[in-house]
Protein chains: 2
Amino acid sequence: MNQKDSVCQQKLMVTRDAVEVIQGKWRLPIVLALTFGSKRFGELQRDIADISPKMLSQELKALEENKIITRTMYDSMPVIVEYSLTPLGKSMNKMLEELLKWGVHFREEILGKQAVAKRS
Amino acid sequence: MNQKDSVCQQKLMVTRDAVEVIQGKWRLPIVLALTFGSKRFGELQRDIADISPKMLSQELKALEENKIITRTMYDSMPVIVEYSLTPLGKSMNKMLEELLKWGVHFREEILGKQAVAKRS
DNA sequence: GTAAGTAGTTACCCACAAGTAAGTACAAAC
DNA sequence: GTTTGTACTTACTTGTGGGTAACTACTTAC
(Lines give C-alpha, C1' and ligand atoms only; values in the text may rest on other atoms or scores of the structure.)
Protein backbone atom coordinates (compact mmCIF):
# COMPACT_ATOMS: atom_id res chain seq x y z
CA MET A 1 0.00 0.00 0.00
CA ASN A 2 1.15 3.38 -0.93
CA GLN A 3 1.14 6.67 0.91
CA LYS A 4 0.19 8.40 -2.31
CA ASP A 5 -3.07 6.50 -2.42
CA SER A 6 -5.72 9.17 -1.95
CA VAL A 7 -7.72 7.54 0.84
CA CYS A 8 -4.53 7.02 2.80
CA GLN A 9 -3.43 10.58 2.13
CA GLN A 10 -6.70 11.88 3.43
CA LYS A 11 -6.46 9.81 6.60
CA LEU A 12 -2.98 11.20 7.12
CA MET A 13 -4.18 14.77 6.66
CA VAL A 14 -7.06 14.38 9.06
CA THR A 15 -4.88 12.73 11.70
CA ARG A 16 -2.35 15.49 11.26
CA ASP A 17 -5.08 18.06 11.84
CA ALA A 18 -5.88 16.40 15.16
CA VAL A 19 -2.23 16.41 16.19
CA GLU A 20 -1.84 20.06 15.25
CA VAL A 21 -4.57 21.08 17.65
CA ILE A 22 -2.77 19.57 20.64
CA GLN A 23 0.82 20.12 19.56
CA GLY A 24 3.19 22.76 20.84
CA LYS A 25 4.22 23.39 24.39
CA TRP A 26 1.05 24.97 25.77
CA ARG A 27 -2.14 23.73 24.06
CA LEU A 28 -2.36 20.51 26.03
CA PRO A 29 -1.90 22.19 29.45
CA ILE A 30 -4.51 24.80 28.55
CA VAL A 31 -7.09 22.26 27.41
CA LEU A 32 -6.43 20.10 30.47
CA ALA A 33 -6.80 23.08 32.79
CA LEU A 34 -10.18 23.87 31.24
CA THR A 35 -11.52 20.31 31.59
CA PHE A 36 -12.09 21.19 35.25
CA GLY A 37 -14.40 24.05 34.30
CA SER A 38 -14.12 27.54 32.90
CA LYS A 39 -11.30 29.77 34.05
CA ARG A 40 -10.17 33.34 33.79
CA PHE A 41 -6.97 34.54 32.15
CA GLY A 42 -5.18 35.12 35.43
CA GLU A 43 -6.31 31.79 36.82
CA LEU A 44 -4.90 29.99 33.82
CA GLN A 45 -1.67 31.91 34.14
CA ARG A 46 -1.39 30.89 37.78
CA ASP A 47 -2.36 27.27 37.18
CA ILE A 48 -0.04 26.60 34.26
CA ALA A 49 3.53 26.70 35.45
CA ASP A 50 5.87 29.09 33.63
CA ILE A 51 3.51 30.26 30.89
CA SER A 52 3.94 33.90 29.90
CA PRO A 53 0.96 36.17 29.20
CA LYS A 54 2.10 36.40 25.58
CA MET A 55 2.03 32.65 25.02
CA LEU A 56 -1.20 32.20 26.96
CA SER A 57 -2.94 34.91 24.95
CA GLN A 58 -1.58 33.57 21.66
CA GLU A 59 -2.55 29.95 22.32
CA LEU A 60 -5.99 30.90 23.65
CA LYS A 61 -6.60 32.74 20.38
CA ALA A 62 -5.51 29.72 18.35
CA LEU A 63 -7.75 27.39 20.35
CA GLU A 64 -10.65 29.79 19.94
CA GLU A 65 -10.12 29.91 16.18
CA ASN A 66 -10.22 26.12 16.15
CA LYS A 67 -13.50 26.24 18.10
CA ILE A 68 -11.99 24.27 20.99
CA ILE A 69 -12.68 26.99 23.54
CA THR A 70 -14.93 30.05 23.86
CA ARG A 71 -14.06 33.44 25.23
CA THR A 72 -16.72 35.27 27.23
CA MET A 73 -16.32 38.86 28.41
CA TYR A 74 -18.32 40.16 31.34
CA ASP A 75 -18.96 43.89 31.58
CA SER A 76 -18.34 43.87 35.29
CA MET A 77 -16.22 46.70 36.55
CA PRO A 78 -12.88 45.04 36.69
CA VAL A 79 -13.39 43.53 33.24
CA ILE A 80 -13.56 39.76 33.55
CA VAL A 81 -12.94 37.24 30.76
CA GLU A 82 -13.78 33.59 31.02
CA TYR A 83 -12.50 30.76 28.86
CA SER A 84 -14.23 27.41 28.64
CA LEU A 85 -14.28 24.31 26.48
CA THR A 86 -16.81 24.07 23.68
CA PRO A 87 -18.58 20.75 23.03
CA LEU A 88 -15.88 20.15 20.41
CA GLY A 89 -13.24 20.80 23.06
CA LYS A 90 -14.95 18.44 25.46
CA SER A 91 -15.13 15.81 22.73
CA MET A 92 -11.34 15.61 22.80
CA ASN A 93 -11.59 13.69 26.03
CA LYS A 94 -11.54 10.17 24.60
CA MET A 95 -8.67 11.00 22.26
CA LEU A 96 -6.66 12.49 25.12
CA GLU A 97 -7.33 9.42 27.24
CA GLU A 98 -6.05 7.19 24.45
CA LEU A 99 -2.92 9.34 24.21
CA LEU A 100 -2.43 9.03 27.97
CA LYS A 101 -2.96 5.28 27.86
CA TRP A 102 -0.44 4.79 25.11
CA GLY A 103 1.92 7.23 26.80
CA VAL A 104 1.90 5.07 29.93
CA HIS A 105 2.59 2.00 27.81
CA PHE A 106 5.36 3.88 26.00
CA ARG A 107 7.00 4.95 29.26
CA GLU A 108 6.95 1.40 30.55
CA GLU A 109 8.69 0.15 27.41
CA ILE A 110 11.22 2.94 27.21
CA LEU A 111 12.04 3.38 30.88
CA GLY A 112 12.01 -0.32 31.61
CA LYS A 113 8.77 -1.35 33.20
CA GLN A 114 8.37 1.46 35.68
CA ALA A 115 4.76 2.22 36.37
CA VAL A 116 3.90 5.88 35.93
CA ALA A 117 0.66 7.79 36.37
CA LYS A 118 -1.35 4.76 37.40
CA ARG A 119 -4.25 6.54 39.05
CA SER A 120 -6.64 9.15 37.81
CA MET B 1 -8.35 21.73 40.22
CA ASN B 2 -4.90 22.93 39.63
CA GLN B 3 -2.36 22.14 36.98
CA LYS B 4 0.34 22.15 39.63
CA ASP B 5 -1.24 19.17 41.34
CA SER B 6 1.28 16.39 40.93
CA VAL B 7 -1.01 13.68 39.57
CA CYS B 8 -2.28 16.10 36.97
CA GLN B 9 1.25 17.18 36.12
CA GLN B 10 2.25 13.59 35.57
CA LYS B 11 -0.72 12.92 33.31
CA LEU B 12 0.26 15.98 31.31
CA MET B 13 3.86 14.80 30.98
CA VAL B 14 2.87 11.34 29.87
CA THR B 15 0.38 12.66 27.33
CA ARG B 16 3.00 15.04 26.07
CA ASP B 17 5.39 12.12 25.59
CA ALA B 18 2.82 10.43 23.39
CA VAL B 19 2.33 13.57 21.33
CA GLU B 20 6.07 14.04 20.90
CA VAL B 21 6.41 10.63 19.28
CA ILE B 22 3.94 11.51 16.52
CA GLN B 23 4.64 15.21 16.21
CA GLY B 24 6.64 16.90 13.54
CA LYS B 25 6.04 16.77 9.85
CA TRP B 26 7.24 13.25 9.05
CA ARG B 27 6.77 10.80 11.95
CA LEU B 28 3.09 10.18 11.29
CA PRO B 29 3.55 9.45 7.56
CA ILE B 30 6.44 7.12 8.32
CA VAL B 31 4.53 5.17 10.96
CA LEU B 32 1.47 4.96 8.72
CA ALA B 33 3.55 3.72 5.79
CA LEU B 34 4.97 0.94 7.96
CA THR B 35 1.57 -0.23 9.21
CA PHE B 36 1.25 -1.97 5.84
CA GLY B 37 4.36 -4.05 6.46
CA SER B 38 8.12 -3.51 6.51
CA LYS B 39 9.70 -1.32 3.90
CA ARG B 40 13.11 -0.32 2.64
CA PHE B 41 14.60 3.15 2.71
CA GLY B 42 14.00 3.80 -0.94
CA GLU B 43 10.46 2.47 -0.79
CA LEU B 44 9.65 4.84 2.06
CA GLN B 45 11.18 7.69 0.16
CA ARG B 46 9.04 6.91 -2.86
CA ASP B 47 5.86 6.36 -0.82
CA ILE B 48 6.06 9.51 1.27
CA ALA B 49 5.60 12.52 -0.96
CA ASP B 50 8.32 15.16 -0.81
CA ILE B 51 10.42 13.71 2.00
CA SER B 52 14.17 14.25 1.58
CA PRO B 53 16.69 11.51 2.39
CA LYS B 54 18.03 13.67 5.19
CA MET B 55 14.68 13.99 6.94
CA LEU B 56 13.79 10.34 6.35
CA SER B 57 17.09 9.16 7.82
CA GLN B 58 16.81 11.52 10.76
CA GLU B 59 13.24 10.61 11.64
CA LEU B 60 13.86 6.88 11.21
CA LYS B 61 16.68 7.20 13.73
CA ALA B 62 14.44 9.03 16.19
CA LEU B 63 11.70 6.42 15.83
CA GLU B 64 14.24 3.65 16.31
CA GLU B 65 15.53 5.31 19.49
CA ASN B 66 11.97 5.43 20.76
CA LYS B 67 11.60 1.71 19.98
CA ILE B 68 8.74 2.37 17.57
CA ILE B 69 10.53 0.77 14.61
CA THR B 70 13.42 -1.62 14.03
CA ARG B 71 16.14 -1.41 11.45
CA THR B 72 17.36 -4.65 9.88
CA MET B 73 20.36 -4.84 7.54
CA TYR B 74 20.72 -7.70 5.12
CA ASP B 75 24.20 -8.62 3.88
CA SER B 76 22.95 -9.13 0.37
CA MET B 77 25.13 -7.66 -2.32
CA PRO B 78 23.37 -4.43 -2.92
CA VAL B 79 23.07 -3.79 0.81
CA ILE B 80 19.42 -3.84 1.81
CA VAL B 81 17.92 -2.27 4.91
CA GLU B 82 14.43 -2.93 6.13
CA TYR B 83 12.38 -0.92 8.57
CA SER B 84 9.36 -2.31 10.40
CA LEU B 85 7.12 -1.52 13.35
CA THR B 86 7.93 -3.04 16.72
CA PRO B 87 5.08 -4.33 18.92
CA LEU B 88 5.23 -0.93 20.62
CA GLY B 89 4.86 0.72 17.23
CA LYS B 90 1.93 -1.52 16.36
CA SER B 91 0.33 -0.68 19.70
CA MET B 92 -0.07 2.90 18.52
CA ASN B 93 -2.91 1.74 16.31
CA LYS B 94 -5.78 2.43 18.67
CA MET B 95 -4.40 5.84 19.60
CA LEU B 96 -4.00 6.77 15.95
CA GLU B 97 -7.53 5.62 15.22
CA GLU B 98 -8.86 7.83 18.02
CA LEU B 99 -6.90 10.75 16.57
CA LEU B 100 -8.38 10.06 13.14
CA LYS B 101 -11.89 9.79 14.57
CA TRP B 102 -11.60 13.08 16.41
CA GLY B 103 -9.93 14.63 13.39
CA VAL B 104 -12.96 13.74 11.26
CA HIS B 105 -15.24 15.25 13.89
CA PHE B 106 -13.03 18.33 14.04
CA ARG B 107 -13.12 18.79 10.28
CA GLU B 108 -16.89 18.52 10.25
CA GLU B 109 -17.16 21.24 12.88
CA ILE B 110 -14.57 23.54 11.38
CA LEU B 111 -15.35 23.13 7.70
CA GLY B 112 -19.09 23.05 8.21
CA LYS B 113 -20.43 19.54 8.11
CA GLN B 114 -18.48 18.22 5.16
CA ALA B 115 -17.80 14.55 5.47
CA VAL B 116 -14.16 13.63 4.97
CA ALA B 117 -12.34 10.30 4.98
CA LYS B 118 -15.41 8.27 5.74
CA ARG B 119 -14.14 4.92 4.55
CA SER B 120 -11.10 2.92 5.51
C1' DG C 1 -1.14 59.86 43.83
C1' DT C 2 0.57 55.29 44.00
C1' DA C 3 0.08 50.48 44.41
C1' DA C 4 -2.32 46.35 42.99
C1' DG C 5 -5.42 43.66 40.21
C1' DT C 6 -8.04 42.99 35.84
C1' DA C 7 -6.37 41.26 30.75
C1' DG C 8 -3.67 41.52 27.73
C1' DT C 9 0.07 43.70 23.61
C1' DT C 10 4.53 44.84 21.49
C1' DA C 11 9.29 44.55 20.23
C1' DC C 12 13.26 42.02 20.14
C1' DC C 13 16.03 37.70 20.35
C1' DC C 14 17.42 32.86 19.96
C1' DA C 15 17.35 27.93 19.15
C1' DC C 16 15.76 24.39 16.62
C1' DA C 17 12.89 22.08 12.97
C1' DA C 18 13.01 21.58 8.37
C1' DG C 19 14.49 22.49 3.44
C1' DT C 20 18.20 22.46 -0.36
C1' DA C 21 21.96 20.78 -2.67
C1' DA C 22 25.62 18.22 -3.08
C1' DG C 23 28.67 14.45 -1.80
C1' DT C 24 29.88 9.51 -0.11
C1' DA C 25 30.50 4.51 -0.68
C1' DC C 26 29.59 0.30 -2.51
C1' DA C 27 28.13 -3.16 -6.40
C1' DA C 28 25.87 -4.54 -10.72
C1' DA C 29 24.70 -3.72 -15.36
C1' DC C 30 25.88 -2.26 -19.89
C1' DG D 1 34.35 3.41 -17.59
C1' DT D 2 29.96 5.48 -17.00
C1' DT D 3 25.32 4.94 -15.52
C1' DT D 4 22.01 3.00 -12.17
C1' DG D 5 20.57 1.58 -7.85
C1' DT D 6 21.35 0.69 -2.96
C1' DA D 7 21.39 3.84 1.52
C1' DC D 8 22.54 7.35 3.35
C1' DT D 9 25.66 11.99 5.23
C1' DT D 10 27.22 16.75 5.36
C1' DA D 11 27.13 21.70 4.98
C1' DC D 12 24.54 25.60 4.59
C1' DT D 13 20.24 28.31 4.94
C1' DT D 14 15.57 29.62 6.21
C1' DG D 15 11.29 29.84 8.92
C1' DT D 16 8.94 29.51 13.02
C1' DG D 17 8.06 28.32 17.89
C1' DG D 18 8.92 30.04 21.98
C1' DG D 19 11.29 33.17 25.63
C1' DT D 20 12.11 37.89 27.94
C1' DA D 21 11.03 42.30 29.19
C1' DA D 22 8.61 46.08 29.06
C1' DC D 23 4.46 48.55 28.14
C1' DT D 24 -0.90 49.55 27.73
C1' DA D 25 -5.46 50.58 29.66
C1' DC D 26 -8.79 50.67 32.97
C1' DT D 27 -10.56 50.44 38.14
C1' DT D 28 -10.41 49.91 42.98
C1' DA D 29 -8.26 50.39 47.32
C1' DC D 30 -5.32 52.82 50.38
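For the range B:2-120, what size does the Cα cloud have along each of its three principal axes, sorted from largest down, in whole Å?
Dimensions of the range B:2-120 along the principal axes of its Cα atoms: 58, 41, 24 Å.
Mind checking B:51-63 for the average number of partner chain beta-carbons within 10 Å of each residue's beta-carbon? Please report the intermediate quantities before stating the final value.
On the way: counts 1, 0, 0, 0, 0, 0, 0, 0, 0, 0, 0, 0, 0.
Whole-number average of other-chain Cβ neighbours for B:51-63 is 0.
Counting only protein heavy atoms and rolling a 1.4 Å probe, how much accessible area do B and A lose on contact, total for both sides, in Å² to 100?
Details: alone 9170 and 9160 Å², together 13080 Å².
Rounded to the nearest hundred, the buried surface is 5200 Å².
How far apart, in nm, are the 7 Å Cα→Cβ label points at B:Met73 and A:Lys61?
5.0 nm
Provide the net charge surrounding B:Phe41, with neighbours chosen by a C-beta distance below 14 Å and charges set as Lys +1, Arg +1, Asp -1, Glu -1.
Working: positive: B:Lys39, B:Arg40, B:Arg46, B:Lys54, B:Lys61, B:Arg71; negative: B:Glu43, B:Asp47, B:Glu59, B:Glu64, B:Glu82.
Net charge around B:Phe41: +1.
Along Cα→Cβ at 7 Å, what distances in nm separate the A:Phe36 label point from those on the other copies, shortest first?
Here the equivalent label points are 4.6 nm apart from this one.
Just subtract the alpha-carbon distance of A:Asn93 and A:Leu111 from 0.36 nm times their residue separation and send over the number in nm, one decimal. Could the numbers behind the result be given before it?
Details: separation 18, 0.36 × 18 = 6.48 nm, distance 2.62 nm.
Fully extending the segment from A:Asn93 to A:Leu111 adds 3.9 nm.
Mind ordering B:75-81, A:34-40, A:78-84 by average Cβ neighbours within 10 Å, highest first?
On the way: B:75-81: 8.3, A:34-40: 15.0, A:78-84: 12.9.
So the peptides B:75-81, A:34-40, A:78-84, ranked by packing, come out A:34-40, A:78-84, B:75-81.
Got a sec to turn the phi values of the range B:84-93 into Karplus ³J(HN,Hα) couplings, 6.51 cos²θ - 1.76 cosθ + 1.60 with θ = phi - 60°, whole Hz, x for Gly and Pro?
8, 6, 7, x, 4, x, 5, 5, 6, 3
Shielding by partners for B:28-34, please: the mean number of other protein chain Cβ atoms within 10 Å of each residue's Cβ. Show your work: numbers first, answer last.
Numbers: counts 7, 6, 1, 1, 7, 5, 0.
Going residue by residue through B:28-34 and averaging, the value is 4.
Can you order the peptides B:42-49, A:26-33 by their average number of other Cβ atoms within 10 Å per residue, highest first?
Working: B:42-49: 16.4, A:26-33: 21.4.
So the peptides B:42-49, A:26-33, ranked by packing, come out A:26-33, B:42-49.
In whole angstrom, how long is each semi-axis of the equivalent ellipsoid of the protein assembly as shown, when you take the square root of 5 times every eigenvalue of its Cα gyration tensor and sort them from largest down?
Over the Cα atoms of the protein assembly as shown, the semi-axes work out to 36, 21, 15 Å.
How far is B:Ser91 from itself in the other copies, in nm, if each label sits 7 Å out from Cα along the Cα-Cβ line, shortest first?
Counterpart label points of B:Ser91 in the remaining copies fall at 3.0 nm.
For the range A:30-87 and the range B:18-47, what is the centre-to-centre distance using only Cα atoms, to the nearest Å?
Centre-to-centre (Cα) distance: 35 Å.
The values are calculated or read from the model by the stated rules, or taken from the named source; none is laboratory data. In this text the structure is predicted, and so the values were computed from the model without any measurement. Note: ideal-geometry Cβ built from the backbone for every residue, glycine included; neighbour counts use all protein chains shown. Ligands, DNA and RNA are stripped out before the accessible areas are found, and what is left, the full protein with its side chains, is counted by its heavy atoms. Shrake-Rupley method; radii C 1.70, N 1.55, O 1.52, S 1.80 Å.
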